[in-house]
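Read-outs throughout are calculated quantities, based only on the coordinates presented, and are distinct from any laboratory measurement. The structure displayed is predicted, hence computed values, not measured ones. No Cβ is skipped: glycine too gets one built from the backbone with ideal geometry, and neighbour counts run over all protein chains shown.
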Amino acid sequence: MVLESPVPRNEVVTPDSLQCFYTGKVSDSIPVHVVFHADYAGWKGRQSPVVQNWLQTACIRPEPNRPVCIPDTQGRLASVLVIAEPENILWSLGQGPHSLPAGHYHLVETAGAPDPDPYLLGWGMGAYRYTRYRKNENPACMLCIDGAKDRLRIEALLEAVTLVRDLVNTPASDMMPQHLEAHMRSITEGFSVDLSACVGDALIEQNYPTIHAVGRASVHPPRLIAWHWGRKGYPRVTLIGKGVSFDSGGLDIKSSRGMRLMKKDMGGAAHAAGVASAIMKLDLPIRLQVLIPAVENAISGNAYRPGDVLTSRSGKTIEVEDTDAEGRLILCDAISQAVEGKPDLIIDFATLTGAARVALGTEVPAFFTNDTGITRELVGASVHVDDPVWQLPLHRSYRRLLDSDIADISNCSSTDYAGAITAALFLAEFVPDAIPWLHFDVMSWNTSERAGRPKGGEAMGLRAVVEFLQRRYA
């Protein structure tokens, strides 16, 4: 049975991430003061005796990132104070949109630098709530964006982050491969994009056998979604995103607990789409290719099995050690497709391994690369935009752990150790050394709420990658 359900237009996620801002003058707009903790005593001393007395009695120890509402003599909200951390200013206003009373606000001073953009961006990311299935009951708080130095960049990043969060938060019932394709078509509307999809058995005909093998057991046909954007004279950059709409584990089935959040297993595809949307919005001088292998790793009578040998697009044969190591199988065919175009750079994103979370926790994405220059550039960009990433090594000696007795390579390690590294080494088998390559192993999920980062789907490393690409090509 093949199910190719239509996707109603009004069910396609269309991020509207800028409703938390306003432009122009508003007579009753409330001033917001952002002050470093070290400067708080001096700032307090410059306030009126009424404000000083109120702060002394009602707000003895202001907490970082938590807005403090300061009343006037009539008890009405007169201003807002936020204590910022110098090493983490991006999230200073992240709690504001959902902790302040409804109304209009404007920045009157920002700690540390005259550039308000990090504060505005943090406010915008903190304003996010996923509202597809229920209304947002929080008050409408709006911050003036008129003082932004680079408003286009703020808008592009907020739209990209919102896109990733919305896609990852959407349940699998509304995010099967055909839905993912519909979202990609919606994202690219308004841009000069050539988008196509290779679907179902056409994957065999056009030589994407591992994508087909992983997705063939689902009633939702697997597909490779591809789009191109940009002028031919620009450097070619290929973005690849793991698009597993839901991962049951296949015949090596996951536990119910392990399966609970597997709607987020298309987080790599969401990241690739988010980065691509920012590239197009910012009009970077890049010839962009996006490849998203989209499948559901389901179970049926024709599911691929442990012990099967698959022949990949590159011709390498792969012994299936574990059907729950499906992400690298669909990525290897997409990587081989990218390599054929001889790009200047390949970047792939995937919710690939639990081992990366064991190594770095849930908040820091791991990256691997075959180019030391990329490491320096990416880490510098990451620090600059306060979007942490961390390199793990492509330790070539571990390649032996992927040896197969009957095929060119096994799809996962023969041990429980170094799982993130061996997964990256598997992908590296399909990338020639001459092509710079960057692989992200991301969580795509906030396990708890923090300032500017609500619980649920999350873009991790996205802003760092956009900054890295701007520096490298613009």
For the range 76-164, the spread of Cα positions along each principal axis, largest first, Å = 40, 35, 24
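Under 8 Å for C-alpha pairs, at least 6 residues apart: give me the relative contact order for the range 224-313, rounded to a whole percent.
Numbers: 151 pairs, mean separation 43.3, N = 90.
Answer for the range 224-313 is 48 percent.
Across the chain, where is the longest run that never hits chymotrypsin sites (Phe, Trp or Tyr not before Pro) in a DSSP loop with at most 12 other C-beta atoms within 10 Å?
Numbers: sites that count: TYR133, TYR417.
Free of exposed loop sites, the longest segment is 134-416.
Per Stokes-Einstein, at 25 °C and 0.890 mPa s, what whole-number D in µm² s⁻¹ belongs to the chain, with the Kirkwood radius over Cα pairs as the hydrodynamic radius? Walk me through the numbers on the way to the answer.
Working: Rh = 23.4 Å.
The Stokes-Einstein estimate is 105 µm²/s.
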Find the eigenvalues of the gyration tensor of the Cα atoms of the range 134-261, then list the square roots of 5 times those eigenvalues as equivalent ellipsoid semi-axes, largest first, in whole angstrom.
-> 32, 24, 12
Counting only DSSP beta bridges fully inside the chain, the antiparallel percentage to nearest 5 is 40
From the phi of every residue in the range 38-47, what ³J(HN,Hα) in whole Hz does the Karplus formula 6.51 cos²θ - 1.76 cosθ + 1.60 yield, where θ is phi - 60° and glycine or proline is x?
-> 5, 9, 5, 4, x, 5, 4, x, 8, 7
For LEU152 and SER256, extending 7 Å from Cα along the Cα-Cβ vector and measuring point to point gives, in nm, a value of 5.3
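Could I get the Rg over Rh figure for the range 21-149? Both from C-alpha atoms, Rh via Kirkwood, rounded to two places. Mind showing how you got there, number by number?
On the way: Rg = 14.6 Å, Rh = 15.2 Å.
Reported Rg/Rh, Kirkwood definition of Rh: 0.96.
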Calculated P(r) of the range 178-236 - Cα pairs past 17 Å, % = 47
Three principal axis extents, largest first, for the C-alpha atoms of the range 216-272, in Å?
-> 49, 21, 14
How far is the Cα center of the range 177-200 from the Cα center of the range 336-380, in Å?
-> 24
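Can you tell me, using C-alpha contacts under 8 Å and at least 6 residues apart, the relative contact order of the range 155-473 as a whole percent? Before the final figure, lay out the partial values.
Working: 733 pairs, mean separation 70.0, N = 319.
That works out to 22 percent.
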Over the range 21-149, what is the mean sequence separation of C-alpha contacts under 8 Å (at least six apart), divided by residue count, expressed as relative contact order in percent?
-> 33
The lysines whose Cα lies under 20 Å from the Cα of LYS149, excluding any fewer than 8 residues away in the same chain, are LYS25, LYS281
Dimensionless Rg/Rh of the range 258-357 - Kirkwood Rh, Rg from C-alpha atoms | 1.00
At 0.36 nm per residue, minus the direct Cα-Cα distance, what do ARG134 and ARG61 gain on full extension? Give it in nm, one decimal, please.
-> 22.7 nm
Antiparallel bridges, percent of DSSP beta bridges restricted to the range 21-149 (to nearest 5) = 20
Taking r as the C-beta separation of LYS342 and GLN52 and R0 as 60 Å, the FRET efficiency to the nearest 0.05 is 0.35
Could you work out how far helix 419-428 tilts from the main Cα principal axis of the chain, as a 0 to 90 degree angle to the nearest 10?
-> 60
Amide H contacts of ARG450 (H built 1.01 Å from N, under 5 Å, at least 5 apart or other chain) = LYS455
